[in-house]
Amino acid sequence: MQIDKVFKNKKVIVTGHTGFKGSWLTLWLVEAGAKVLGMSKNIPTSPSHYKLLELNKKIVSKKIDIQNLKKVQQTIKQFKPDFIFHLAAQSIVSKSYVNTIETWETNLMGTVNILESLKQNNKEIVTVIITSDKCYKNIETKKGYTENDVLGGEDPYGASKSAAEIAINSYVKSFFLGKKNKNLIVSTRAGNVIGGGDWSDNRLIPDCVRSWNKEKAAKIRNPKSTRPWQHVLEVTYGYLLLAKTIKKNKKLHGESFNFGPNMKQNFKVIDILKKSKLFWKNVKWNLEKKDLFKENILLNLNNSKVKKVIGWKPSLNFEETIKLTIEWYKTFSLKNKKLIKIKSINQIKFYKNLIKK
C-alpha cells in the first residue's frame, strides 16, 4: 500500500504509544515496516490493547514521562526520527477536574517539551501533534467548527488542549521558520473516537463492555445524547496521510487539521446500543430514570480542509464503525490473546482494502 511505503524502514517516535489511539497507530506502523520508538510513562489501562498486541516485542519502548524535558530531548536527539506522532496526554475530561494540575502539565508542557526538543534539530523531521476537538470555544452552535474558529475550551481538559494549540503556533512562528528550519509541524483535532482496545473509564463503549463481559446490562443515563462518532482507524489513517502529505508539501507547515465524520453522521447513544445488539448477543442495557448530567450542545468538526488538502475522507459508515468495534470486544471476551492480535491486524487490513477502492 502506498501509505505504508512512506514509513517502511523509517524511524518513527510515537508518544503515548501504550494508549488506545497510540497502540493502533503503533501497530499500523509496525505492520508497515517502520522502526518505532515509543515514549510513555505507563500503561494507562488494564486490560491494555498495547499489552495484548505484545508490541513491546516489536518496538523500542521507553518509559518516559513527557513532562521530563531532559529525557525527551535526549531520546529525540539519539534516535534521530524521521517522524514524530505526539499523542501522550491526559485525555479524559472528567479526570481533568480531579487531576487538574497533571492535566495542564501533561497536555500543555508535554507538548512544549516536544517542541523545545526540536529546536536543536538538524535533520528533517515531520511532527504531527494530536490535540482535541475540545480545543475550540464552544459557542453552542450546531455548525461544524473550522480550523480558523476561536480556541478556548472551558473545562481543564479542553483549555489545556487549546493552550497546547497556542503553544504550537507560537513555537512555529518564533523558532521554526526560515531556510535553515528542518522541522515540519502540524496539529490535528479529533474527538468521539471509538474502536476495539479502548478501556478508559467514563467512556460509553468501554463502560458498556465491562458490563457485557459479565453478561450484565449496562446502565445508560443519556440515551438521546448525540455525538459524531468515528472509528479509531479513520483518524489513525488520517494522521499517517497528513504526515505523508506535509513531507511533500512543506507549505502546510504550521497548519491545523480537523478529522471528523461528515456532518450528517451524528447518532444517539441508543442508536449505538441497538446497532451493537446486531453483532453481539451479550449487548443489553437498562435506562436510568434520571439524567445525571447536563446535555451538551454538539461540538461538530468541519472536515472540508482535510478532504481538499490531503485527500482524506471518512471511509466507514455507521454500521461498519459499530461492527468493527463490537466484533473486537466480542473477540476479547473469548480470552485468547492470539485471536485478539489477529483481530486487530485483520481490522487494519480490512480498512486498508477499503481505502483502496
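The values are calculated or read from the model by the stated rules, or taken from the named source; none is laboratory data. The shown structure was predicted, so the numbers you read here are calculated from the model rather than taken from an experiment. A quick note on method: Cβ atoms are made from the backbone with ideal geometry, for glycine too, and the neighbour counts reach across all protein chains shown. Calculation scope for accessible area: heavy atoms of the full protein, side chains included, ligands and nucleic acids excluded. Shrake-Rupley method; radii C 1.70, N 1.55, O 1.52, S 1.80 Å.
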Odd one out for residue 34 among (1) of a type in the set (A, V, I, L, M, F, W, C); (2) out of contact with any helix residue (DSSP H, G or I) (no Cβ under 6 Å at 6 or more places or on another chain); (3) open to solvent by 10 Å² or more (accessible area, probe 1.4 Å): (2)
Hits in segment 18-69 - residues which are within 15 Å of the chain's Cα centre (by Cα) and among the polar types (S, T, N, Q): 18, 23, 26, 40
Residues within segment 305-352 that are out of contact with any helix residue (DSSP H, G or I) (no Cβ under 9 Å at 6 or more places or on another chain), modelled with pLDDT under 95 and either in a helix (DSSP H, G or I) or among the hydroxyl-bearing types (Ser, Thr, Tyr) (or both), tallied: 1
Residues being crowded, with 21+ Cβ neighbours inside 10 Å and of a type in the set (D, E, K, R) - total across segment 127-143: 2
Single condition residue 165 does not satisfy, out of (1) touching a Ser or Thr at 6+ places or on another chain (Cβ under 8 Å); (2) among the acidic types (Asp, Glu); (3) surrounded by fewer than 20 Cβ atoms within 10 Å (Cβ to Cβ): (3)
Odd one out for residue 212 among (1) more than 16 Å from the chain's Cα centre (by Cα); (2) surrounded by fewer than 19 Cβ atoms within 10 Å (Cβ to Cβ): (2)
Helices (runs of 4 or more DSSP H) fully within segment 43-120 counting 2 or more residues that are open to solvent by 10 Å² or more (accessible area, probe 1.4 Å) and at pLDDT 95 or above: 49-53, 69-79, 100-104, 110-117
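For residue 134, state whether it is over 21 Å from residue 253 (Cα atoms), within 18 Å of the chain's Cα centre (by Cα) and among the charged types (D, E, K, R).
On the way: over 21 Å from residue 253 (Cα atoms): yes; within 18 Å of the chain's Cα centre (by Cα): yes; among the charged types (D, E, K, R): yes.
So residue 134 fits the description; yes.
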Condition check for residue 182: open to solvent by 60 Å² or more (accessible area, probe 1.4 Å), more than 20 Å from the chain's Cα centre (by Cα), among the basic types (Lys, Arg) and over 30 Å from residue 2 (Cβ atoms): no
